[in-house]
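Novice: Pasting a structure below so you can have a look.
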Amino acid sequence: EKTVQSVNGVLMSYREWVKDNHAPGTFDFYSQGINTFDTYLTREEKENLLVSEFGPDTVEDWMAAYSSKSDSYRHNLIRSVQAAFNWAVKRKLLKENPLTGLEKPAQTPREAYISDDEWSKIAAAVDGPFLDFLEILRETGCRPIEARVVTAENFDRENRRWYFAVAPKKVRGK
C-alpha cells in the first residue's frame with residue numbers, strides 16, 4: 001500500500017490530479033485554497049509537516065488570518081484542503097483523514113439584485129438577441145447555463161412555462 005507522508009505531498013498530488021481530471025475552473029478553485037494553505041505552511045516553517053502531525057488545529061490557525069473574510073470564502077478555502085485529504089483516503093494514499101470532524105463556516109448565498117435604474121442602463125447598452133437573453137434571466141431568475149439549454153420543445157405554450165420531461169444535465173463549471 002502506497003502512502004503519502006507529508007501534508008504538502010497530499011496537497012500537490014491532489015492538485016495535479018484535479019488538473020488532469022477536471023475542468024480548468026475546477027482546478028483554479030481548488031488551487032486557490034491549496035496554494036494559500038501551502039503558503040501559510042511555508043511562512044510558519046511547516047512546509048515539511050507530516051500527515052501524522054497534522055490535524056484540524058493547523059487549519060484553524062490558518063483560518064485565524066482570514067477572520068475578516070466572509071464565511072463562504074473561508075468555507076471554500078477549507079473545502080479545498082479537506083478535498084485533498086478525502087481524495088488521498090479514497091486512493092488509499094492515507095489510512096485516515098486527519099481533518100475528519102473539522103467544521104467549516106456555513107456558506108451564505110450571495111444575493112444581488114439589479115435595481116430598475118441599473119436595468120435601464122444595461123438594457124440601453126445592448127440590443128437584439130442578447131437583450132432578450134438578459135431579459136429571460138431577469139424575469140426567471142435562472143442561471144445563464146440553465147437558460148442556454150431551453151429549446152422550443154421545452155416551451156409549454158398553454159401553461160406559459162418551460163417544461164423538461166428529463167431534467168437538464170448539471171453542467172457546473174462548463
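Novice: When you check Val150 against the structure, is it of a type in the set (A, V, I, L, M), at pLDDT below 90, over 30 Å from Tyr14 (Cβ atoms) and surrounded by fewer than 13 Cβ atoms within 10 Å (Cβ to Cβ), yes or no? Show your work before the answer.
Specialist: Details: of a type in the set (A, V, I, L, M): yes; at pLDDT below 90: yes; over 30 Å from Tyr14 (Cβ atoms): yes; surrounded by fewer than 13 Cβ atoms within 10 Å (Cβ to Cβ): no.
No; evaluated as a whole, the condition is false for this residue.
Novice: Hey, another quick one. Output the number of residues of the stretch 54-103 satisfying the condition of being part of a loop (DSSP other than H, G, I, E, B) and either small (Gly, Ala, Ser) or under 14 Å from the mean Cα position of the chain (by Cα) (or both). Before you say what the answer is, go through the steps one by one.
Specialist: Of the stretch 54-103, the ones part of a loop (DSSP other than H, G, I, E, B) are 54-55, 67-70, 91-103.
Filter again for either small (Gly, Ala, Ser) or under 14 Å from the mean Cα position of the chain (by Cα) (or both), leaving 55, 67-68, 70, 101.
Summing the residues that are part of a loop (DSSP other than H, G, I, E, B) and either small (Gly, Ala, Ser) or under 14 Å from the mean Cα position of the chain (by Cα) (or both) in the stretch 54-103 gives 5.
Novice: Give the residues of the stretch 105-122 that are open to solvent by 100 Å² or more (accessible area, probe 1.4 Å) and part of a loop (DSSP other than H, G, I, E, B), sorted by residue number.
Specialist: Pro109, Arg110, Glu111, Tyr113
Novice: Sticking with this structure for a sec: Going through Glu44, Glu135 one at a time, which residue ends up being within 30 Å of Ile145 (Cα to Cα), open to solvent by 40 Å² or more (accessible area, probe 1.4 Å), touching a helix residue (DSSP H, G or I) at 6+ places or on another chain (Cβ under 9 Å) and among the charged types (D, E, K, R)?
Specialist: Glu135
Novice: (1) in contact (Cβ under 8 Å) with a residue 12 or more places away in the chain; (2) out of contact with any helix residue (DSSP H, G or I) (no Cβ under 7 Å at 6 or more places or on another chain); (3) farther than 20 Å from Tyr30 by Cβ: which one isn't true of Gln82, the others all being true?
Specialist: Among (1) in contact (Cβ under 8 Å) with a residue 12 or more places away in the chain; (2) out of contact with any helix residue (DSSP H, G or I) (no Cβ under 7 Å at 6 or more places or on another chain); (3) farther than 20 Å from Tyr30 by Cβ, the lone unmet condition for Gln82 is (3).
Novice: Please enumerate the residues belonging to the stretch 9-41 that are in contact (Cβ under 8 Å) with a residue 60 or more places away in the chain and either open to solvent by 90 Å² or more (accessible area, probe 1.4 Å) or of a type in the set (D, E, K, R) (or both).
Specialist: Arg15
The values are calculated or read from the model by the stated rules, or taken from the named source; none is laboratory data. Because the structure is a prediction, the values reported are computed rather than measured. Quick reminder, even Gly has a Cβ in these numbers, built from the backbone with ideal geometry, and neighbours come from all protein chains shown. Please note that ligands, DNA and RNA were not included when accessible areas were found on the heavy atoms of the full protein model with its side chains. Shrake-Rupley method; radii C 1.70, N 1.55, O 1.52, S 1.80 Å.
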